[in-house]
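Colleague: There's a structure below that I have some questions on.
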Amino acid sequence: MAAVPRPPLDEIIAGFDRALRTLTGVDTASRPIPGAALPEAALDDAERAHAAGLMRVNHAGEVCAQALYSAQALVARDPAIKAQFAKAAREETDHLAWTSTRLRELDSRPSLANPLWYTGSFAIGLLAGVAGERRNLGFVVETERQVEEHLAGHLDTLPEADAKSRAVVETMRADEARHGAEAYEAGAVPLPWLARRAMRACADVMRAVAYRL
């Protein structure tokens, strides 16, 4: 395996800045929040708590996405792949801002474990990048496939009346599917079964904890 080139200092500094922005919630979206013009639904306490729990999971997932894309771009060798990761990260920043806004609208908050999610995901992203460009892209394909799957599950369980949350999730799901397709077209190779299972197990832990904490 070829040695991974050391990232330039400006990329490392930009990575620290991105981490601080992600964890302090100062990122802003470049696109309007989906469903912003829709009226707020009259939800009972249980429905509101469930919707908030799901949006907290989605927000934590976007924290993970920022860490993953930052780490993968940091060690990517191909400038075109670096640019692809940067573009996807910008769209994931929209998701981060949208879910943060929706949490406030639901009178809730992000996961208290977000620093842990970010740190762990950054380490995983570095490992994916070190495995080589095609494996790096394969990791994106599998990540986005699993995220798209869990977002579909959220659409099944979100309160039917909560059109604002549903609009956010539906748009996120479409973006994630596109990111996975772009990575596949760029030359991704499938990950081993064990790696896919490990990714799912980690995601299951994150979802279970972030829903409540």
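Colleague: Add -39500 (n - 2.57) for each DSSP H run of 4 or more in the chain, then divide by its residues: what number comes out at 222 nm, to the nearest 500 deg cm²/dmol?
Modeller: Calculated from helices alone, the mean residue ellipticity at 222 nm is -26000 deg cm²/dmol.
Colleague: Could you grab the relative contact order for region 59-212? Cα pairs under 8 Å, six or more apart, rounded to a whole percent.
Modeller: 28 percent
Colleague: With +1 on each Lys and Arg Cβ and -1 on each Asp and Glu Cβ, and nothing else charged, work out how big the dipole of region 22-96 is about its Cα centre, in Debye to the nearest 20.
Modeller: 440 debye
Colleague: Then there is this: Given the convex hull over the Cα atoms of region 59-212, what projected area results after averaging over all orientations, in nm²?
Modeller: 8.3 nm²
Colleague: At 0.36 nm per residue, minus the direct Cα-Cα distance, what do LEU38 and CYS202 gain on full extension? Give it in nm, one decimal, please.
Modeller: 55.6 nm
Colleague: Moving on to the next point. Can you give me the orientation-averaged projected area of the convex hull built on the Cα atoms of region 149-213, in nm²?
Modeller: 5.4 nm²
Colleague: Could you tell me the calculated FRET efficiency between ASP156 and ARG134, based on Cβ-Cβ distance and R0 = 45 angstrom, to the nearest 0.05?
Modeller: 0.85
Readers should treat all values here as calculations from the given coordinates under stated rules, not as data from a laboratory. In this text, all values refer to a predicted model and were calculated from it rather than measured experimentally. Because the Cβ atoms are built from the backbone with ideal geometry, glycine has one as well, and the counts that use them run over all protein chains shown.
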